[in-house]
1. Residues of the stretch 128-161 being of a type in the set (S, T, Y) and in a strand (DSSP E or B), which ones?
2. Could you identify the single residue in I105, I53 that is under 20 Å from the mean Cα position of the chain (by Cα) and assigned by TED's automatic domain parsing to the domain that holds N148?
3. Anything in the stretch 168-179 that is on the phi < 0 side of the Ramachandran plot and of a type outside the set (F, W, Y)? List them, or say none.
4. Output the residues belonging to the stretch 129-161 that are within 17 Å of L57 (Cβ to Cβ), among the aliphatic types (A, V, I, L, M) and under 10 Å from the mean Cα position of the chain (by Cα).
5. Quick check: is even one residue across the stretch 142-150 in contact (Cβ under 8 Å) with a residue 24 or more places away in the chain and within 19 Å of N190 (Cα to Cα)?
6. Among (1) touching a Gly at 6+ places or on another chain (Cβ under 7 Å); (2) farther than 24 Å from L197 by Cα, there is one condition I87 misses while meeting the rest; what is its number?
7. Being under 22 Å from K157 (Cα atoms), acidic (D, E) and not assigned by TED's automatic domain parsing to the domain that holds I135, is that true of even one residue in the stretch 26-35?
8. Residues in the stretch 153-167: is at least one at positive phi and touching a residue at least 24 places away in the same chain (Cβ under 8 Å)?
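The values are calculated or read from the model by the stated rules, or taken from the named source; none is laboratory data. As the structure is a prediction and not an experimental result, all values here were calculated from the model. So basically every Cβ, Gly included, is an ideal-geometry build from the backbone, and we count neighbours across all protein chains shown.
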Amino acid sequence: MFTLQNLPYDYSALEPYIDTETMQIHHDKHHAGYVKNLNEALTGKEKLLDMDIKDLLQNLSDVPKDIFNKVKNNAGGVANHNLFWQIMSPKDLSGKPSVELEEAIKEAFGSFDTFKEKFSTTASGRFGSGWAWLIVDNGKLEIVDTANQDSPVSERKSPILCLDVWEHAYYLKYKNMRVDYIKAWWNVVNWKGVSDLYDGLR
């Protein structure tokens, strides 16, 4: 059975950038819903239930066709949110990128500011619901976006930073101003956590 990960901080910890009510609804309703739906879809499929979420996403071809879409969507929802909570933290605890990650960002994008601009543009330009990602693919950093709850993990790529741009992630506070949400979100990126993920892949 898949379980709902606890938040690594209080619901209010990311104020004023992400409000308490949004965090409660996002974690306790949306994320919890993906976990519930995934477990229900896989009832009786013990082999799939015994996989960890990464293995399941990388082996979606093993999922029966009649439940494929439900499993894909909800497994992505579980994994994506697990990472999303991990790569955020209260502003005073967020730290800085490691030397290694900062150098890799400069190599891939020219400068840290250029990276932030490209990531923000990708997130704001994602049509409809979806995610923006910083991934490692064959040792190289790339910025990509995905629709709905699709995950780069399914393509055997390694995400180290992600931003949820579904409306439920920001609409209570920012209404239709996704750009304002994205700008505020940079204040709560957990750069130590992102750097640890990157360093673990080297």
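1. Once the filter is applied, which keeps residues that are of a type in the set (S, T, Y) and in a strand (DSSP E or B), the stretch 128-161 yields T146, S158.
2. I105
3. H168, A169, L172, K173, N176, M177, R178, V179, listed by residue number.
4. I160 - this is the single residue of the stretch 129-161 that is within 17 Å of L57 (Cβ to Cβ), among the aliphatic types (A, V, I, L, M) and under 10 Å from the mean Cα position of the chain (by Cα).
5. Yes, the conditions are met somewhere in the stretch 142-150.
6. Every condition holds for I87 apart from (2).
7. No, that holds for no residue.
8. Yes, there is a match, as at least one residue in the stretch 153-167 is at positive phi and touching a residue at least 24 places away in the same chain (Cβ under 8 Å).
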